[in-house]
Amino acid sequence: MKLASRVSLIKPSPTLVITAKAAALRAEGRDIVDFGAGEPDFYTPEHIKAAAIQAVESNFTRYTAVGGIDELKDAIIRKLQKDNHLSYRRSEIVVSCGAKHTLFNLAQVLFEEGDEVVIPGPYWVSYPDLVLYTGAQPVIVNTREQDGFKLTPEGLERAITERTRALIINSPSNPTGSAYTREELAALAEVVLRHSMMIISDDIYEKILFDGLDFWNIAAVAPALKDRTIVVNGVSKAYAMTGWRIGYAAGPEAVIAAMGKIQSQSTSNPASISQKAAVEALTGDQQVISEMVKEFQRRRDYIVSVLNSFNGVSCLKPQGAFYVFPNVSTLYGLSCGDRKINDSGAMAEYLLEEAEVAVVPGAAFGDDRYIRISYATSMELIEKGLERIGNALMRLK
Ligand SMILES: *Cc1c(COP(=O)(O)O)cnc(C)c1O
């Protein structure tokens, strides 16, 4: 079958591949501990579900405005004002079918062949492919563990050329969990201001931040950047609503209108019922978030201390999100029987087949020395999975 050549520019999302593989082994009856998942293990809070049920009962089940209902746009505007000190009008907001869809549409309206987009690595798996699918080139700037996996102003400056169209910031980060401070963002902003480039700020883990740290968006830190920043966020991670598919962008009217145009010829509006649920998520009780974050922090503390007790493993303490990104590269070259571990892919395969634990190879995020472990799963499964990993690593000679 002849397919359009642009299909071969991208690959399937590797995290979804691991999740599918773990599910297949489970279907064979094997007891797999899944540390691969990229979504909260909590259920959507009751008051949010009730708003969706109410939407169905009141027949709010027809097409809506393509870019989202005004009620939701207004809830988003109030949220951005209150939480992020950023002011927008309705014409500067577009709601899509999840933040991934928002990012996809955004890449489509901003980038084309000849453009370069700076992506700090380790990066979220979809960024390079979202860029590649437009014909543009991702420019990966590898950050260092000793810099807390954060892009430095020097690293950014070196990556910028006259083709650079944008920088993608994701704080707290998937997969490293690192989060930028206000000062660090100010230093990056100084570099960006010297060039004509945009910023895409993926704030999806904004609410999952530990140790009382404050979240900052670069457009609030450096207001001169606001008209070149597109804020991307959604309800998936903060409110345990991954299946509802609501994400949004806030930014310059021309960009937002173009994203709406693409949406009008592709998906049309995000689900009407989900939009009503998202209004309730953003305007209702926010206590549900602090309870989830408290639990995530407890799990992080435990998992980091156990991982660092394993020989050959070192793990930085993340500031947010629900992943740890341990360095396992000193174990490369070791074997168990005739299975040799030479890279993160072989390590993930070994852990899945021999320890029955699913993790994602660091190579998927642009750094082969690491694996990503999601702790969006119960403490009981975390204990069980870590014990299995520890035993499997001890068998490597
Ligand atoms: C989960 C995730 C998203 C996408 O979330 P949606 O469910 O599509 O709203 C975007 N960026 C990062 C970094 C993520 O981890």
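The values are calculated or read from the model by the stated rules, or taken from the named source; none is laboratory data. Keep in mind that what you see is a predicted model, and the values were worked out from it rather than measured. Cβ atoms come from the backbone with ideal geometry, glycine included; neighbour counts cover every protein chain shown. Accessible surface areas use protein heavy atoms only, side chains included; no ligands, DNA or RNA. Shrake-Rupley method; radii C 1.70, N 1.55, O 1.52, S 1.80 Å.
Summary table below
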read-out	value
Any hit, region 181-203, residues being within 16 Å of the ligand (Cβ to nearest atom) and either open to solvent by 20 Å² or more (accessible area, probe 1.4 Å) or farther than 30 Å from C97 by Cβ (or both)	no
Options T134, T164, T152: the member that is out of contact with any strand residue (DSSP E or B) (no Cβ under 7 Å at 6 or more places or on another chain), free of Cβ contacts under 8 Å to residues at least 60 places away in the same chain, farther than 16 Å from G366 by Cβ and buried (at least 19 other Cβ atoms within 10 Å of the Cβ)	T134
The one condition in (1) open to solvent by 10 Å² or more (accessible area, probe 1.4 Å); (2) more than 16 Å from the ligand (Cβ to nearest atom); (3) small (G, A, S) that G243 fails to fulfil	(2)
Subset of region 114-129 that is assigned to a loop (DSSP other than H, G, I, E, B) and within 13 Å of the ligand (Cβ to nearest atom) - its residue that is modelled with the lowest pLDDT	V125
Among (1) crowded, with 24+ Cβ neighbours inside 10 Å; (2) under 23 Å from Y239 (Cα atoms) - the single one Y88 does not satisfy	(1)
Every residue from region 80-106 that is within 15 Å of the ligand (Cβ to nearest atom), in a helix (DSSP H, G or I) and either touching a Pro at 6+ places or on another chain (Cβ under 6 Å) or touching a residue at least 60 places away in the same chain (Cβ under 8 Å) (or both)	A99, K100, H101, T102, L103, N105, L106
Total residues in region 204-237, condition more than 16 Å from the ligand (Cβ to nearest atom) and among the aromatic types (F, W, Y)	2
Candidates Q275, Q263, filtered to the one that is within 16 Å of the ligand (Cβ to nearest atom), assigned to a helix (DSSP H, G or I) and within 23 Å of V131 (Cα to Cα)	Q263
Pair list, Cβ under 7 Å, 6 or more apart: region 24-46 residue within 18 Å of E387 (Cβ to Cβ), other residue among the basic types (K, R)	I32/R26; V33/K384; V33/R388
Unique residue being assigned to a loop (DSSP other than H, G, I, E, B) and either open to solvent by 50 Å² or more (accessible area, probe 1.4 Å) or touching a Ser or Thr at 6+ places or on another chain (Cβ under 7 Å) (or both) when the list is R26, R30	R30
Residue within region 146-160 that is among the small types (G, A, S) and either within 16 Å of the ligand (Cβ to nearest atom) or part of a helix (DSSP H, G or I) (or both) present	yes
Answer residue from region 161-180, given it is assigned to a loop (DSSP other than H, G, I, E, B) and of a type in the set (S, T, N, Q) and is nearest to the ligand (Cβ to nearest atom) among those	N174
Given (1) without any contact (Cβ under 8 Å) to a residue 40 or more places away in the chain; (2) open to solvent by 30 Å² or more (accessible area, probe 1.4 Å), index of the condition C315 fails	(2)
Among (1) in contact (Cβ under 8 Å) with a residue 40 or more places away in the chain; (2) surrounded by fewer than 24 Cβ atoms within 10 Å (Cβ to Cβ); (3) farther than 12 Å from V95 by Cα; (4) more than 9 Å from the ligand (Cβ to nearest atom) - the single one A257 does not satisfy	(3)
Output for region 351-397, where each listed residue is open to solvent by 40 Å² or more (accessible area, probe 1.4 Å) and part of a helix (DSSP H, G or I)	E353, E354, A363, E380, L381, E383, K384, E387, R388, N391, M394
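Yes or no, residue by residue, for (1) outside the structural domain of S236 (by TED's automatic domain parsing); (2) farther than 29 Å from L282 by Cα; (3) β-branched (V, I, T):
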| site | (1), (2), (3) |
| --- | --- |
| V17 | yes, yes, yes |
| L25 | yes, yes, no |
| D34 | yes, yes, no |
| G67 | no, no, no |
| K73 | no, no, no |
| K79 | no, no, no |
| H85 | no, no, no |
| R89 | no, no, no |
